[in-house]
1. Can you give me the number of residues within region 93-115 that are buried (at least 16 other Cβ atoms within 10 Å of the Cβ) and under 15 Å from residue 138 (Cβ atoms)?
2. Check residue 122 against each of (1) more than 19 Å from residue 175 (Cα to Cα); (2) at pLDDT 95 or above and name the one condition it does not meet.
3. Of all the residues that make up region 1-22, how many are near the ligand (Cβ under 9 Å from one of its atoms) and assigned to a loop (DSSP other than H, G, I, E, B)?
4. Find the residue count for region 4-22, including only residues that are in contact with a helix residue (DSSP H, G or I) (Cβ under 8 Å, 6 or more places away or on another chain) and either exposed (fewer than 12 other Cβ atoms within 10 Å of the Cβ) or within 20 Å of residue 190 (Cβ to Cβ) (or both).
5. Checking the structure you have, find out if any residue of region 23-34 is out of contact with any helix residue (DSSP H, G or I) (no Cβ under 7 Å at 6 or more places or on another chain), away from the ligand (no atom under 15 Å from the Cβ) and assigned to a loop (DSSP other than H, G, I, E, B).
6. Would you list the helices (runs of 4 or more DSSP H) that sit entirely within region 136-201 and hold 1 or more residues that are farther than 20 Å from residue 108 by Cβ and touching a strand residue (DSSP E or B) at 6+ places or on another chain (Cβ under 8 Å)?
7. Confirm whether residue 114 is on the phi > 0 side of the Ramachandran plot and in contact (Cβ under 8 Å) with a residue 40 or more places away in the chain.
8. Please go through region 116-135 and pick out each residue that is touching a helix residue (DSSP H, G or I) at 6+ places or on another chain (Cβ under 9 Å) and not in a helix (DSSP H, G or I).
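The values are calculated or read from the model by the stated rules, or taken from the named source; none is laboratory data. Just so it is clear, the model here is predicted, and its values are computed rather than measured. With ideal geometry, Cβ positions are generated from the backbone for all residues, glycine too; neighbour counts draw on all protein chains shown.
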Ligand SMILES: N[C@@H](CCC(=O)N[C@@H](CS)C(=O)NCC(=O)O)C(=O)O
């Protein structure tokens with residue numbers, strides 16, 4: 001048995017976890033998930049019934065993890081320590097991981113549903129403020145840096161980079177020099193190519 005099992009559908013956020021496993025050089029199997037007939041094993045691993053969901057097979061017993069950002073970090077912790085942040089990179093790494101999983105994801109999802117915060121009060125209360133503020137933060141980040149933590153690729157780039165890659169592909173975030181250059185650096189990576197091979201661009 002492989003070290004990890006990933007519940008997978010190629011048209012889903014499970015690609016993020018597959019990319020993380022590829023970057024880690026991990027030994028994994030894919031468990032195919034069809035939306036109309038989700039397997040009971042998926043609900044056992046993630047009661048929300050969403051993917052990605054990952055099972056780590058260990059001698060001490062299996063562990064399940066869900067949520068793309070958590071899965072990325074978990075894979076780095078258990079299979080790819082070189083992709084973890086060093087002390088000087090931790091602030092950027094965690095800030096941007098959580099920014100991407102929270103404010104960025106929420107702002108993109110709400111916009112895609114056609115929901116716009118109603119006025120200053122809503123903007124004040126919403127964790128992301130407004131889509132425009134989130135997009136400006138993201139773009140500004142990569143004006144200064146090649147990767148989330150500066151010079152070096154870390155596991156945060158798999159998660160944040162997936163949001164950027166997906167966002168640019170589907171025009172759900174504004175294109176621009178900084179994000180385009182960042183996405184191009186990521187798309188050059190062999191692990192990205194191994195993940196996306198055969199997926200329509
Ligand atoms: N918060 C989850 C979201 C995962 C998610 O929404 N996955 C979608 C596919 S992209 C899914 O499993 N949809 C099937 C369903 O909800 O039944 C994460 O970030 O990992």
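1. 11
2. (2) is the only condition that residue 122 fails.
3. Count: 4.
4. Of the residues in region 4-22, 11 are in contact with a helix residue (DSSP H, G or I) (Cβ under 8 Å, 6 or more places away or on another chain) and either exposed (fewer than 12 other Cβ atoms within 10 Å of the Cβ) or within 20 Å of residue 190 (Cβ to Cβ) (or both).
5. Yes.
6. So the answer is 177-187.
7. Details: on the phi > 0 side of the Ramachandran plot: yes; in contact (Cβ under 8 Å) with a residue 40 or more places away in the chain: no.
In short, no.
8. If the condition is that a residue be touching a helix residue (DSSP H, G or I) at 6+ places or on another chain (Cβ under 9 Å) and not in a helix (DSSP H, G or I), then 116, 117, 126, 127, 128, 129, 130 are the ones that fit.
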